[in-house]
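Let me begin by presenting the structure, written as C-alpha cells, before commenting on it.
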Amino acid sequence: MKIRVPESLKNIATGLIPLQKLVLISLAAWVTHIILRLLLLFRNNPYGFPFVSKPDWFIFHAVCIDFMWIVNALVIFLIIGAITIKIASLAQKDKAKNVAVKTLTTLYAVFHGVILLLTLLDNETHRFLGGHLTFGLVDTYKDASSIIVFYDYVANDLSVPYLQFVVLVLMLPFTYAVYRLLCKWYRPTNSFYVRKSVIAMVIFYIASYSYVYFIWTGSSRMTKLRPVVSLIYNDLFVAKNNNGLAESNLDAYRVSYQNLWQKVEGDSLWEFSNANEGNGLPLYRTPTAKLLNSEKLKAQREMKPNFILVLMESQRGLNTGYMNPQIQPSPTPFMDSLAANSHAWMRMHTSGVPTTGGVLSTHIGIPHHTRLSQATDLAHIALPSFVSTLTDSGYTTHYMSAADPAWDNLGVWMAKWYTAQHYNREREDDSTFMDHAIEYVRDTLSKEGKPFLATLMTRSNHYPFNFAAGMTDEQKSRPLQERINVTMNYADRQLARFIRAVQNEDWYQNTYVIVMADHGFPLGENGVSTISGGGYSNISWIPFFIHGKGMEATRDTTTAAQIDIAPTILELAGFAVPNVFMGHNLLRGESTGLSLGAYSGYAAIGLDGYRFIAKYPAQDETHLFAENDLRQESELTGKRQNEESRLSTTLDTLLKISDYSLEKGL
C-alpha cells in the first residue's frame, strides 16, 4: 500500500532543502544529548550512590524531552531561514541567499555547542548538589573558592574520577563526527529524503509528546529532567517577573511577621535577632537564657528519647476513622486505637503538596515555596532541619522510604540531614518495606548505644490507589472514593505490624511514635479532583498524633500545620537551638495556633478561628470557612469581608517572608 504524502507537506519539505544541514545538526546534537543523559542517569553520584535508583524509569522520558526541545529550536531557526531565503529570492540574489544560509547554519551549530556545554555543567551540578544550574545557584557559588571545591569534587568522584573532563574535551568533536557521518549518509538528489525526514520527525515528536504528557506522566520526573533551555527561559522570563519580597520592603515584613509569631507563641522564651544575624533572615530566632535553663528541657535531654516518625502517603483526614467517627467501618482501625492513647491534633494541616512539599515542610518548619519546585530548584540552599539538630547532637538518624527518594529529589535533602537512607526497589510494597524497617530498627538501630530517629515513608496509599498488595480486581475497579479506603486500610495494617513487632522492646518505653501524613488528596469534594486544584481540607487536613511517655490521651483542637512539627520534636528531645522555623512548639500549652501552607498555585492560612484559601499570588479566587468546619461544607466567602481582607494580607506577608527565606538559606 503506497502512502500518499500531502502536497502541503511536500512543498514544505522541498523548500527546506537548502536548510537540511540544520536538521542534521539537530540529529547530531540529539545523539550527544542521549549519551549525556546515559552518563547522568546510569552513573553514581560523586558520593558513590546511584543518581537515580530506577534509570529505566527516566531515560525514555529524557530522550523524548530532548527531542522535543531540539525540534522546537529547529523550527524557530527554519522559520528564520525560510524568511531569509524568501527575501533573497525576491531580490534574485543567489549569493546573498547562500551567505544567509551559511550564517544561519553556523549560528545554529554554535547554539547547540553552547547548550551542550551548559548541559554537561548542569548535569554535574545536579550530580553534586542535587539541583539544576540556575542563576540563583551561580549567585550562591560565585566566589573563586567554589572552583577549587569543584576540582576537588571531580578528583574524588566515586563514580569515575575526571570523567567530566574527558566528556568536556570529546563532546563537541564527537557531535561534529556524528554530523559528518549523517552528511555522508544523507545526500539527497531531490526532496524525497527531506520529506521522509520531516514526516519521521513529526511522527516521533507527536509520539514523544503523547508519551511524556499523557501516557506516562510525572511532574517530579519532568522537573528532574528539565533541559537547560527551559532553565534559562525560566530564569530570564519567569523568575524575574515573580511577586517575591523586595529587599526594600524586607524590614517592614520582618516586623509584621515577628510580631505575629510572638502573638501566636504566647510567651517570650524566644528572641528574634537583628537583621545582621542569621544571614539576615527575618525568621532567625534564638532561645532565651530562661528557656535554655528550664528544668523541663533538661529532663527531656537526660531522657535521650528515641523517635519513630511515620509519614503515611496521602493519608486523608477525611478518611481517617478517629477524625470521622461517622465512617463505619473505619479504614484505619489501628491508627484509631493508637490515637485514642495519644496526644492527637484534630486540626492539623499540611504545609505543602505534593510529597516533597509535605516532607520538606515537616523537616524545615517552613511552608513549601509558592513558585519554585523546591526539592530541585533550591537543592543548593543550606537549611537546617530538626533532623540535622538531632544528628549534630549525637542521634543516629535514618530515613527509610518505600518510594524512591531520587524520584522527586528528596534523597538529596535527606542526605544533608540524616546519617543514612534506606531504599530498595524490591521493597516498594509497604509490607516488605515494613519488614525491613522492623528488622533494622529492632536489631540494629536500637543496639548502637545512641538515641535514634527512624523516619518511615510509606507508599501503598498513593494515587491511583491500587498499589496495595493483594487487591482484587473487584477492589481495583471501584471508584477512587471507595478505592482509597482499601489502600488506607492496607497501609494501616502494615503500620500495625511494625508497632506490634517493636512495642515490647525495652527501648520502646523511651520512644516517641509520631504518626502523620504528607498530604491528603482531592476526590471531588468542593468540585476539585486534582492535587493542584486548590487548598481545601480534602488535600490539607491530615492526621497527626504523638504517642509515648508523658503524652496523655488528648483531642487537641489547636490550629496547627506541618511547620509546627520540627519545633515540637526538638522540644521533646530537649533541645532549644537557634533556628528559622516558622512553626510553633505544639506542646507549649497555648490554645491558639496558626496553620500555613502553599499548594501548587493555591495557599491557605488558618488563624483566629477561620481558614482562608486563595489562588496565589493573584488571590483572584478566595474562600473562607470557619476553622472548626473541617469538612468545609459551609462557605463564608463574602460574609466576613473584614476577616477576609485581614487574612489575605497576613497570608501574603507570611508567604513572601517564607519564599524569601527559602531562597536565601543559611
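Sub-8 Å Cβ pairs linking a first residue in the stretch 404-420 that is among the hydroxyl-bearing types (Ser, Thr, Tyr) to a second residue that is part of a helix (DSSP H, G or I) and surrounded by fewer than 22 Cβ atoms within 10 Å (Cβ to Cβ), at least 6 apart or interchain, are 418/391; 419/391, ordered by first then second residue. Going through (1) closer than 29 Å to residue 227 by Cα; (2) acidic (Asp, Glu); (3) surrounded by 23 or more Cβ atoms within 10 Å (Cβ to Cβ) one by one, residue 430 falls short only on (1).
Restricting 121, 104, 117 to residues that are buried (at least 19 other Cβ atoms within 10 Å of the Cβ) and either without any contact (Cβ under 8 Å) to a residue 60 or more places away in the chain or in a helix (DSSP H, G or I) (or both) narrows the list to 104. None of 350, 355, 376 is over 25 Å from residue 435 (Cβ atoms), polar (S, T, N, Q) and at pLDDT 90 or above except 350. Just so you know, in the stretch 276-291 the residues that are of a type outside the set (Gly, Ala, Ser) and in contact with a Leu (Cβ under 9 Å, 6 or more places away or on another chain) include one that is surrounded by the most Cβ atoms within 10 Å (Cβ to Cβ), and it is 282. Considering (1) crowded, with 22+ Cβ neighbours inside 10 Å; (2) at pLDDT below 95; (3) among the β-branched types (Val, Ile, Thr), the lone condition that residue 542 does not fulfil carries the number (2). Residues that are in a helix (DSSP H, G or I), of a type in the set (A, V, I, L, M) and either modelled with pLDDT under 95 or under 30 Å from residue 380 (Cα atoms) (or both) within the stretch 412-436 comprise 412, 414, 415, listed in sequence order.
Please work out if residue 327 is more than 30 Å from residue 660 (Cβ to Cβ) and assigned by TED's automatic domain parsing to the domain that holds residue 508. It is true that residue 327 is more than 30 Å from residue 660 (Cβ to Cβ) and assigned by TED's automatic domain parsing to the domain that holds residue 508.
A quick yes/no check of all residues on (1) of a type outside the set (A, V, I, L, M, F, W, C); (2) buried (at least 17 other Cβ atoms within 10 Å of the Cβ); (3) within 26 Å of the chain's Cα centre (by Cα); (4) closer than 30 Å to residue 288 by Cβ:
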| residue | (1), (2), (3), (4) |
| --- | --- |
| 509 | yes, no, no, no |
| 520 | yes, yes, yes, no |
| 560 | no, yes, yes, yes |
| 566 | no, yes, yes, yes |
| 582 | no, yes, yes, yes |
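Counting only helices (runs of 4 or more DSSP H) that sit completely within the stretch 196-289, those holding 1 or more residues that are charged (D, E, K, R), farther than 30 Å from residue 586 by Cβ and outside the structural domain of residue 357 (by TED's automatic domain parsing) correspond to 219-224. Of all residues in the stretch 324-348, those satisfying the criterion of being buried (at least 24 other Cβ atoms within 10 Å of the Cβ) and in contact with a Leu (Cβ under 8 Å, 6 or more places away or on another chain) are 335, 345.
Could you tell me whether any residue of the stretch 505-514 is assigned to a helix (DSSP H, G or I), more than 23 Å from residue 362 (Cβ to Cβ), polar (S, T, N, Q) and free of Cβ contacts under 8 Å to residues at least 60 places away in the same chain? Yes, there is a match, as at least one residue in the stretch 505-514 is assigned to a helix (DSSP H, G or I), more than 23 Å from residue 362 (Cβ to Cβ), polar (S, T, N, Q) and free of Cβ contacts under 8 Å to residues at least 60 places away in the same chain. Among the residues of the stretch 644-657, is any surrounded by fewer than 19 Cβ atoms within 10 Å (Cβ to Cβ), touching a strand residue (DSSP E or B) at 6+ places or on another chain (Cβ under 8 Å), more than 15 Å from residue 245 (Cα to Cα) and not small (Gly, Ala, Ser)? No, the stretch 644-657 has no match at all. In the set (1) touching a Leu at 6+ places or on another chain (Cβ under 8 Å); (2) under 19 Å from residue 313 (Cβ atoms), the condition left unmet by residue 577 is number (2).
Within the stretch 315-349, count every residue that is part of a loop (DSSP other than H, G, I, E, B) and either aliphatic (A, V, I, L, M) or under 24 Å from residue 584 (Cβ atoms) (or both). Write out each step before concluding.
Initially, the stretch 315-349 is screened for residues part of a loop (DSSP other than H, G, I, E, B), giving 315-316, 320, 324-332, 340-342, 346-347.
Subset that is either aliphatic (A, V, I, L, M) or under 24 Å from residue 584 (Cβ atoms) (or both): 315, 320, 327, 340, 342, 346-347.
Count: 7.
Taking the conditions (1) modelled with pLDDT of 95 or more; (2) buried (at least 21 other Cβ atoms within 10 Å of the Cβ) in turn, residue 616 satisfies each one other than (1).
So, residue 309, is that one assigned to a helix (DSSP H, G or I), surrounded by 21 or more Cβ atoms within 10 Å (Cβ to Cβ) and either not assigned by TED's automatic domain parsing to the domain that holds residue 58 or not polar (S, T, N, Q) (or both) or not? In short, no. Pairs linking a residue in the stretch 169-186 that is among the aromatic types (Phe, Trp, Tyr) to a residue that is surrounded by 12 or more Cβ atoms within 10 Å (Cβ to Cβ), with Cβ atoms under 7 Å and 6 or more positions apart or on different chains, are 174/32; 179/24; 179/25; 179/28; 186/24; 186/193.
The values are calculated or read from the model by the stated rules, or taken from the named source; none is laboratory data. Predicted model, so just to flag it, every value in this text is computed and none were measured. Glycine also receives a Cβ, built like all others from the backbone with ideal geometry; neighbour counts cover every protein chain displayed.
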